[in-house]
Each structure stands twice: as structure tokens, then as C-alpha cells.
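All remarks here apply to the structure that follows.
The values are calculated or read from the model by the stated rules, or taken from the named source; none is laboratory data. None of these values were measured; they are calculated from a predicted model. Note that we place each Cβ from the backbone using ideal geometry, even for glycine, and neighbour counts take in every protein chain shown. Each accessible area value is taken on the protein alone, full model and side chains, heavy atoms only, with ligands, DNA and RNA left out. Shrake-Rupley method; radii C 1.70, N 1.55, O 1.52, S 1.80 Å.
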Amino acid sequence: MSILIYAESAEGKFKKVALELASYAKKVAESLGTTVTAVTVNAGDVSELSKYGVDKVLKVANDKLAGFTAKAYADVIKQAAQKEGAKVVLLSSTTDSIYLSSLVAVALEAGFASNVVGLPVSTSPFQVKRNAFSNKAFNITEINTDVKVLALAKNSYGIFENASTLTEEDFNPTIGDADFGVKVVSVEKGSGKVSIADADIVVSAGRGLKGPENWGMVEELASVLGAATACSKPVSDLGWRPHGEHVGQTGKPVATNLYIAIGISGAIQHIAGINSSKVKVVINSDPEAPFFKVADYGIVGDAFEIIPQLTAKLKAFKEQQS
Amino acid sequence: MKILVCISHVPDTTSKINFINGDSEFDTNGVQYVINPNDEFGLTRAIWFQEQQGATVTVVNVGGPDTEPTLRKALAIGANEAIRINANPTDGFFVAKQLAEVIKNGGYDIVIAGKESLDYNGGMVPGMIAGILGYNFLNSCTNITVEGTNVTAVREIDGGKETVSTTLPVIIGGQKGIVEEKDLRIPNMRGIMTARTKALTILEPVDASVNTKAVKFEKPAPKSAVKLVSADNLDELINLLHNEAKVI
């Protein structure tokens, strides 16, 4: 009995969520008195995982899996879990892993909890805390199957070093043509330098910016912070910014370390989408804006005056730090 | 072409979330229920297929009699018929198993379910249906077109989008973009009147395991008041973010 994680990588490098998942898995493994095995797909050098507590890596190298195909990847994870006799299978909450995880759960006949936000509340019975009601509440979920599948919400646990001695093993799961019923025709990456999914910091703006022509200053601030840009729902509805940047209950959820909201009043649906972010900064000319009620830090004032100044000051601060 | 749209009956997005009975149950008092927004986008797309390509649209929900107004709304929007599976939707796998049974028996070509519901946010049902039936599955879809048995779709990926192709039958996890919000249908009086005469079939659930159980709910801890920084003192904000919050 071990714990299996699917360690997601892109272009041969592990995603940060994979390192968070490894850190989390190590802690769960300690409480269950077991070890952590990771399965990787075309990941190249896997030694980095040993820093975060992974004991064994099943390395899958297969050109057929060069592009992400949910069914085939789910099949790989299922076979890895069966080979290891894994009782707990852990995935991240990236778009790809969300796509995979319910397929994995059905394949393993496992109870599944998604959006998990912390270590198990109890291991017998097995109970975990997860986000529910669009981050307006938590739900303690009990999983009563022999094998359990969990998907960990991003930034909900953190990345912790916990060195282990790593064993590597080549793994060749059986992948049939039936796994490739869905074919990728083309991929189009967004124009932003950092995607919301990968970002630790998100700079988001709303109708207070008055028009799409004013987003330059938002992008500049984001660039200084190494942040992704995002927007409120009315802004994407008006076509000022792409839908992929819409943050909120019916848009993208954001669980970053820092969320900066500029000219966004803070509708309940928007707040629900960003509630899992650790630190929230609100800049708004209206002191009555509801967003101030959930913010950690706030500035009441004109964004058009504040943002360029803040960008310049942050630039100087970053240069001083480096 | 036969389309099935899976409908979740969820609290309106502006609802206050509270719990009762020792925090073991959601407090429905004063809560307005709606079609899950991700499902509503899918329903509108299905109606588009009905109008443009002659598809028939069935809506289905797993829930008690209290969910019927939500199904009637879907009928008023334009669905041809509705099915209610008479069970409490407590677990994702249980719900997926019920829906899979309806799909298997109904011979649907396209099944659209929202990529997640706004109550439990599990995001698991569309994938589980696909897993149970072995159908092709496309999650986070923002567009779908069908020609003959060929399906082309656009799906959101982290940091962009991709175009994919597959064949019918297919399970779609839909979201905003599959239609735009401005294109969502509001039931008109004729639709409401017609909906009353459309078939709403009630089916009893099939046996399925319940793999998970919601045992308790919690609300986030109350937040301390915002620290306001003067617009003339942006250095102070940088100081707080660096030294106090440690996020830059």
C-alpha cells in the first residue's frame, strides 16, 4: 500500500503544483505509515521530486503521450496505481488534472474528493476538507471506498522540502488505440506572459479602468510582479479582455498568494472566485466598495494615479532586492 | 441527433450560504434555486443545435420533486422533454451512475453537463459518466460543432485553448463560452405555457454505490478588518506586502 501522485510536467519541467502535491503526499504518507510513489509522463529528469519526499518514480516515456490525452493519461495513472497497490491516488487541480481525475476515479472504482484544501481531517474514517459552494464554505467529505482519489486545490498546502532517497523505474503501461478517441488539432497559448493557472500573483482589473485601452498599466504592474492579469465579469462580457481572464463563480477560480483588484467593486460572485487567495489588495475610488470588506489591504483612490506610481515603486523595490 | 442536457438545481449565485442541524445540512431557507449556470450555457447550445440542425433536446436531473420548477424552466427555454430521477444527489458517482443509465437506454449522441455545479463544485459528474460508459469526453468546452458524426470542439486549457476533434457519441463538460452570456434564453410567456404540456418523466434510481458522504460543513473564519493605506504612501503598501504578508 503506497500513495500515488501524478506529477504533472510541461516541457520536461515539473509544474509547481506537482511539487505541492509531493509535499502534501509525503505528509499523508507519514500519517498512514507508507511511502510516496509518483508517476510521470515524459518528464525527463525526475530527481527534483526527491527533495519533496517522493520515494519512487514510475517513469513513463512514450511519444504517443507527447500531447495531453485525458483517457490515455487516466489509463496510465490507473495502471500505475494498480501496480503499486496504491490506496490513495492524488492529483492536482490544473485543468488537465481535473479532466483526468474523475476518469481515474471511475477506473479504480474509487471514491473521489476534489478541491481538497488540507491534510485529511481523519484517516479512519478517511475524511478530507474541501471547498464547496464556490469557496463560500468548506465541506468535510468522508470517502468510504478502499481506494481513494483526491484532487488538491492549488496553493492550499504549500511546498515543503522533505528529502528522500529516490528509486527510479521505467514503466510501460498498455495504451490502446481506444485511448485516443479525442485528438488535439491545434493549441493556442494566451498572450499573457504568465497564465492565471501558474501564477502566484494575479493583478485583476474591472470596469473602473473605463476601457480596454487602459490595460497597459495593468499589464505593466503585472509584469513587474511576474503576475498574470485577470478581469471581472463585466469586463470580459464587454469584450475588453478575453473570457479566459474572467475571474469569478462562472469564470476562473483564483487561489494565488497575492490578488490585486483594481477598480473592481466586488460582486459576491467575483469574491467567491478569489476567496481562496491568501492576500487580497483592493484599489478602488469608492470607499464603500464591498471588496474592501474581504480585503487585507486597501487603498481608496484613483487607479489612474496610483497604478503608475505603484509600478514605479515596485520596480525600484525589485531592483533593490535583486 | 439526440441531445441530453444534465441539469443541476443549485442555489442562485448571490445566495447567502448557511448551515443547520449542527452544520450537517445546507440551510435552504430563503434560497432561490436556479439552473446551474454551467448547465444553462450547455442547454442554450443544445437549443441552438435543435434550431439549426434539428436535434431533439432532453433535460435530466437527479433530485426530489422540489427540483421540478428548475426542469420546467429548462422546458420553457425550449427543451423538448424532461426526466427527473427521483433521488437525493448526494454523491458524484451515484449521480453519474443514474445519468449513465438514462444515456445508455436513451441512445443520446451528445450529452452536455456543466463542467461543475456551483454547490458542491465537484467537477466530477461529466467525466464519471464518460468513464462509466466509455464514451469520448471533452471537458471545459467553450465551443462545439457537429458535422455528421464528427465533432470539433474548443476547450480551455491552462494558459490558452485547444481545438480537438472526436466522434459521436460524446460527453461534454461545458462552460461559459459554449454560448455567450448575452445569448442565454429567458423563458417567454409562450414557452412557459408550452412547458406545462411537455412530458416530464419521473424515473426511480438504479442501484449504485455511494462512495462519499458530506458529513459536515464549515464557514470560513471571519476576516479581520482591511488595513487601509493612504494613496500618498505607496511605500507603506510595499512594506506591508514584503514584511508582513511576505508575498513579494
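Here are a few things to note about the model shown:
- Equivalent ellipsoid of region B:204-248: semi-axes from √(5λ) of the C-alpha gyration tensor, largest first, are 48, 13, 10 Å.
- The residues of region B:233-248 listed by number as losing at least 40 Å² of accessible area in the complex, against the isolated chain and with a 1.4 Å probe, are B:234, B:237, B:238, B:241, B:242, B:247, B:248.
- Among the listed pairs A:189/B:246; A:64/A:148; A:13/A:154; A:293/B:227; A:15/B:161; A:51/A:129, those beyond 21 Å (Cα-Cα): A:189/B:246; A:64/A:148; A:51/A:129
- Summing +1 for each Lys or Arg and -1 for each Asp or Glu among the other residues whose beta-carbon sits under 10 angstrom from that of residue B:97 gives -3.
- Computed from phi, the 3J(HN,Hα) profile of region B:187-196 under the Karplus parametrisation 6.51, -1.76, 1.60 (θ = phi - 60°) reads x, 9, 4, 4, x, 5, 5, 5, 4, 5 Hz, with x in place of Gly and Pro.
- Chain B - percent relative contact order, Cα under 8 Å, separation 6 or more: 24 percent
- Solvent exposure of the protein assembly as shown amounts to 40 Å² per residue of accessible area, where only protein heavy atoms count and the probe is 1.4 Å.
- Relative contact order of region A:1-87, pairs being alpha-carbon contacts under 8 Å that are 6 or more residues apart, as %: 34 percent
- Dimensions of chain A from C-alpha coordinates, computed as largest minus smallest value along each principal axis and given longest first, are 60, 42, 41 Å.
- Convex hull (Cα only) mean projected area of region A:213-303, reported in nm² to one decimal: 5.4 nm²
- Kyte-Doolittle mean at least -0.5 and Cα axial length at least 15 Å: DSSP H helices in chain A: A:16-32, A:95-107, A:303-321
- Taking Lys and Arg as +1 and Asp and Glu as -1, the other residues whose beta-carbon sits under 11 Å from that of residue A:36 total 0.
- Measuring gaps between exposed loop sites in chain B (trypsin sites (Lys or Arg not before Pro); DSSP loop; at most 13 other Cβ atoms within 10 Å), the longest gap, sites not included, is B:17-195.
- Residue-averaged [θ]222 nm for the protein assembly as shown, counting only DSSP H segments that reach four residues, each worth -39500 (n - 2.57): -8000 deg cm²/dmol
- Interface between chains A and B: roughly 6600 Å² of accessible area buried, both sides summed (probe 1.4 Å, protein heavy atoms only).
- The portion of the accessible surface of region B:157-248 made up by carbon and sulfur, rounded to a whole percent, is 54 (1.4 Å probe; DNA, RNA and ligands excluded).
- Euclidean distance of C-alpha centroids, region B:176-248 and region B:119-138, integer Å: 20 Å
- Share of pairwise Cα-Cα distances greater than 22 Å in chain B is 58 percent (whole percent).
- For the residues of A:229-237, the average number of beta carbons from a partner chain within 10 Å of their own beta carbon is 1.
- Helices of chain B meeting both criteria, an alpha-carbon length of 24 angstrom or more along the long axis and an average Kyte-Doolittle score not below 0.5, with helices taken as full DSSP H segments, do not occur.
- Accessible-area composition of region A:29-137, carbon plus sulfur, in percent [1.4 Å probe]: 46 percent
- Taking every alpha-carbon pair under 8 Å whose residues sit at least 6 apart, chain A reaches a relative contact order of 14 percent.
- A cut-off under 12 angstrom between Cβ atoms defines the neighbours of residue B:178, and their net charge, with Lys, Arg +1 and Asp, Glu -1, is -2.
- Across peptide B:214-222, the mean count of Cβ atoms from other chains lying within 10 Å of each residue's own Cβ comes to 5.
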